[in-house]
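Input: a single structure, listed below in structure tokens.
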Amino acid sequence: MMRITALCCVLLVQVAAAQEKIKLQHVVDGTFSAQSVRNVNWMNDGGFYTALDGNAVKQYSIQTGEVVETLVDGQALDITIAGYEFSADEQQILLLTERKSIYRRSFVGIYYAYDLENARLIGKVSSEPCSYATFSPDGRQVAFVQDNNLKVTDLKGKTEALTGDGKFNEIINGSADWVYEEELYLTKAFAWSPDGKYLAYVRFNESGVREYNLQYWDEGALYPTDYRYKYPKAGEDNSTVEVWCHHLPSGKRQKIDIGQENDIYVPRLSWTPDNQLSVQKLNRWQNTRELFHANPESGKSDLILQEVSDTYVHLTFCDDLKYLDGDRFLYSSERDGNKHFYLYQNDGKLINQITSGRWDAEKLVALDEKRDLLYFTSTEVSPMERHLFRIALDGRKKEKLTTTAGVHAIDMSPDSQYYMDFSSSADRALTVELFETRRQRMIKVLVDNESLNEKISDYQLSPKEFFSFENSEGDALNGYLLKPADFDEGKEYPLLMFQYSGPGSQQVMNSNGGSHFIWHQFLVQQGYIVAVLDPRGTGGRGESFKKMTYLQLGKYEAEDHIEAARYFGRQPYIDQSRIGIWGWSYGGYISSLAMFRGAGAFKAAIAVAPVTSWRFYDTIYTERYLRRPQDNAEGYDDNSPLTYADKLEGAFLLIHGTGDDNVHFSNSVALQEKLIQAGKQFQSFYYPDRAHGLRGPGGRLHLYQMMTDFILESL
């Protein structure tokens, strides 16, 4: 009898667990966040790696996955470690503390140098906050940027300023301006030479760039605070850039010759193994990429490689440039219609194409120079999955290493002996597994997230139901649906479509979760169906699919979502009178444009922090896809929500942060004015002082509650 009672209790607990419902608080409080392994640094000794665990840098055994030593204990030092970096010989470590963000990727902080061999704190790199502290190759010096100047310290009290003309909003030495940081992902703009004698850096002169003024209404302040920074909008002047080399032993400074043209970008600096400076250069339209090798002493350079595209050269190629011993380098290109890797001699002569096929060799994972092997992830299995492959540098013996379906992100040791596989699928939460590479042997599961998988089951999260939709042009578009657990084909459901749609992006992947996934699951439990679609212009499907939106951003993306809404409206389980669309940033741009041009296809739309005219956005991103307004005015105006504001039918909610340094609040101000002039009623909300992500005390929960209320009322 007792056994039966116990069994009944267990069944009741299971039923209760299965009936758990998502609350809005769960969307923001991390209830459904996956555990992972973060801040991994592989050690020179192939048997160990390190990671930041809490406030300590810990060393792990690869064979066991267990902690073998705590290298630095932040608590014992009375500091809070935000990041760290080893010297080349791993005898010293730089500890980043008091990190304070500037923009999305840039920051300042206090750095400490720590002697690992003697377990003692050497001291601060600088008494004042600085950025991007980096050891010299021999570990005897540290370079950093402070007050827009490049400096070097010997960690014994002697600090030398290599530049002295740095000034806010005028001259920047060794770190990037706003638009480089945002669109070229460049913050640290200096690099040590392999012999440690030279520091190469980019000098930005942004004095000719027009300023944008942000006002901050700090709580309780009588007057707003002005913050003015240099933001080059499409068609306007950029910073002029120069490349310099400083010879530390002599103090001599040499400008590097990369041509006479000034209206250019320098997205990356690096060095060849034989101490030649490697400079990558893009023209203003970003359809010509050039690679130079320069003598750091004379400043003279040779053009090694030039690639010209009919559209644009994608940015990720800049990070794929890798030099090998033996006078060779790796390079990637879309020249045959898909992204693939190529092997060149250092003089620019092609040795061979390494990868080939109607799929993208998406990410360079590692180069094993001892065995002449390349490790990379690709879309070969499916555009919606990523798998790890290895291939000989001569293009032979390609081998797929990952075996489970889904999306795999790989972190491989520098010697290519081991790697961590961060993988998930639509029906499996993130798993982190440690592998030995040569024998493809799994050593240990570092994270399994079984508790999260159980929680997903307990809360009845709806599975992704993948589909393919063919538009009127015959293009098959990938998407997925989330349906209520008690879905009934005989009922009609309201539908909310979500998208981002930006060039090369992907939302539809065979992976767990996704953007705003838990909020979508919350809506599904309220009786909605959610659809996510990747329109033309998105990634994973080759160059022609991604670049068909060139010179006319928004046109095809909006058309695809309008057609999809009408397609869904014809399905017996969708109420065609209750279809909505929403998106954030580029997605807000498309939700606005689709709503206005959809002629009643959508009953409601939400646009969060949208671009409303590409004339308002920055040079690098916008001109990569549209060229300048002077070159392509129609491409800017024919697909601007401002042009079609008078076509609004239905409910529209416009949301923006007033402190958005990326997509300026003025985008929404301009759209509101157009809607007002057209006599259109709509709802709008601004978040005081919030940046593009609308983070801050209570911000995200407030946002999701407001959007929920709007959806419940409108659909």
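Tyr586 - would you say it is aromatic (Phe, Trp, Tyr) and surrounded by fewer than 21 Cβ atoms within 10 Å (Cβ to Cβ)?
no
From the list Ser424, Ser457, Ser413, which residue is at pLDDT below 95 and open to solvent by less than 20 Å² (accessible area, probe 1.4 Å)?
None of the other options fit; the residue is Ser413.
Take the residues in the stretch 390-403 that are more than 23 Å from Met509 (Cα to Cα) and touching a strand residue (DSSP E or B) at 6+ places or on another chain (Cβ under 9 Å), then tell me which one is most open to solvent (accessible area, probe 1.4 Å).
Here the answer is Lys397.
How about the stretch 539-564: which of its residues are in contact with a helix residue (DSSP H, G or I) (Cβ under 7 Å, 6 or more places away or on another chain), closer than 30 Å to Gly357 by Cβ and open to solvent by less than 20 Å² (accessible area, probe 1.4 Å)?
Selection gives Gly539, Thr549, Leu553, Glu557.
Looking at Asn169, Asn262, can you tell me which residue is more than 30 Å from Tyr111 (Cβ to Cβ), touching a strand residue (DSSP E or B) at 6+ places or on another chain (Cβ under 7 Å) and not charged (D, E, K, R)?
Asn262
Would you mind stating whether Ala531 is of a type outside the set (S, T, N, Q), closer than 24 Å to Thr31 by Cα and open to solvent by 40 Å² or more (accessible area, probe 1.4 Å)?
When the stated conditions are applied, Ala531 does not pass them.
Mind checking which residues of the stretch 565-583 are surrounded by fewer than 24 Cβ atoms within 10 Å (Cβ to Cβ) and either outside any strand (DSSP E or B) or touching a residue at least 40 places away in the same chain (Cβ under 8 Å) (or both)?
Residues satisfying the conditions are Arg566, Tyr567, Phe568, Gly569, Arg570, Gln571, Pro572, Tyr573, Ile574, Asp575, Arg578.
Name the one entry in Val27, Val57, Val68, Val37 that is outside any loop (DSSP other than H, G, I, E, B) and in contact with a Leu (Cβ under 6 Å, 6 or more places away or on another chain).
Step by step, each of Val27, Val57, Val68, Val37 is checked, and only Val57 is outside any loop (DSSP other than H, G, I, E, B) and in contact with a Leu (Cβ under 6 Å, 6 or more places away or on another chain).
Could you identify the single residue in Gly504, Gly514 that is in contact with a His (Cβ under 9 Å, 6 or more places away or on another chain) and without any contact (Cβ under 8 Å) to a residue 24 or more places away in the chain?
Gly514
Pick from the stretch 214-242 the residues that are more than 26 Å from the chain's Cα centre (by Cα) and open to solvent by less than 60 Å² (accessible area, probe 1.4 Å): which of them is modelled with the highest pLDDT?
The residue in question is Glu242.
Given the residues Ala609, Ala601, which is the only one that is small (Gly, Ala, Ser) and crowded, with 24+ Cβ neighbours inside 10 Å?
Ala609
Yes/no matrix, rows are residues, columns are (1) of a type in the set (Gly, Ala, Ser); (2) under 21 Å from the mean Cα position of the chain (by Cα):
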{"site": "Ser356", "(1), (2)": "yes, no"}
{"site": "Trp359", "(1), (2)": "no, no"}
{"site": "Glu362", "(1), (2)": "no, yes"}
{"site": "Lys370", "(1), (2)": "no, no"}
{"site": "Glu380", "(1), (2)": "no, no"}
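Here is a yes/no grid of residues against (1) under 24 Å from Gly504 (Cβ atoms); (2) open to solvent by 10 Å² or more (accessible area, probe 1.4 Å):
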position: Tyr342; (1), (2): yes, no
position: Lys349; (1), (2): no, yes
position: Gln353; (1), (2): yes, yes
position: Ser356; (1), (2): yes, yes
position: Leu364; (1), (2): yes, yes
position: Arg371; (1), (2): no, yes
position: Leu374; (1), (2): yes, no
position: Ala405; (1), (2): yes, yes
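Which ones in the stretch 474-502 are open to solvent by 20 Å² or more (accessible area, probe 1.4 Å) and under 22 Å from Ser382 (Cα atoms)?
Of everything in the stretch 474-502, those that are open to solvent by 20 Å² or more (accessible area, probe 1.4 Å) and under 22 Å from Ser382 (Cα atoms) turn out to be Gly474, Asp475, Ala476, Asn478, Tyr500.
When the stretch 127-145 is examined, which residues are found to be in contact (Cβ under 8 Å) with a residue 24 or more places away in the chain and open to solvent by less than 20 Å² (accessible area, probe 1.4 Å)?
Of everything in the stretch 127-145, those that are in contact (Cβ under 8 Å) with a residue 24 or more places away in the chain and open to solvent by less than 20 Å² (accessible area, probe 1.4 Å) turn out to be Ser131, Ala133, Thr134, Phe135, Ser136, Gly139, Val142, Ala143, Phe144, Val145.
Okay, residues lined up against (1) touching a residue at least 24 places away in the same chain (Cβ under 8 Å); (2) within 21 Å of Arg628 (Cα to Cα); (3) open to solvent by less than 10 Å² (accessible area, probe 1.4 Å); (4) in contact with a Lys or Arg (Cβ under 9 Å, 6 or more places away or on another chain):
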residue	(1), (2), (3), (4)
Trp244	yes, no, no, yes
Pro249	yes, no, no, yes
Ile258	yes, no, no, yes
Pro267	yes, yes, yes, yes
Ser278	yes, no, yes, yes
Lys281	no, yes, no, yes
Arg284	yes, yes, no, yes
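Residue by residue through the stretch 64-117, note down the ones that are among the acidic types (Asp, Glu), free of Cβ contacts under 8 Å to residues at least 24 places away in the same chain and either over 24 Å from Val447 (Cβ atoms) or open to solvent by less than 20 Å² (accessible area, probe 1.4 Å) (or both).
Residue satisfying the conditions is Asp78 alone.
Report, by residue number, each residue of the stretch 461-476 that is within 17 Å of Phe498 (Cβ to Cβ) and in contact with a helix residue (DSSP H, G or I) (Cβ under 6 Å, 6 or more places away or on another chain).
Those that are within 17 Å of Phe498 (Cβ to Cβ) and in contact with a helix residue (DSSP H, G or I) (Cβ under 6 Å, 6 or more places away or on another chain): Leu461, Ser462, Phe469.
Anything in the stretch 57-81 that is modelled with pLDDT of 95 or more and small (Gly, Ala, Ser)? List them, or say none.
Gly74, Ala76
Name every residue in the stretch 71-102 that is in a loop (DSSP other than H, G, I, E, B) and touching a Phe, Trp or Tyr at 6+ places or on another chain (Cβ under 6 Å), in order of residue number.
Ser87
Please work out if Gly490 is more than 29 Å from the chain's Cα centre (by Cα) and not hydroxyl-bearing (Ser, Thr, Tyr).
So Gly490 passes the test.
The values are calculated or read from the model by the stated rules, or taken from the named source; none is laboratory data. Predicted model only: the values in this text are computed from it and were never measured. A quick note on method: Cβ atoms are made from the backbone with ideal geometry, for glycine too, and the neighbour counts reach across all protein chains shown. All accessible areas refer to the heavy atoms of the entire protein, side chains included, with ligands and DNA or RNA removed. Shrake-Rupley method; radii C 1.70, N 1.55, O 1.52, S 1.80 Å.
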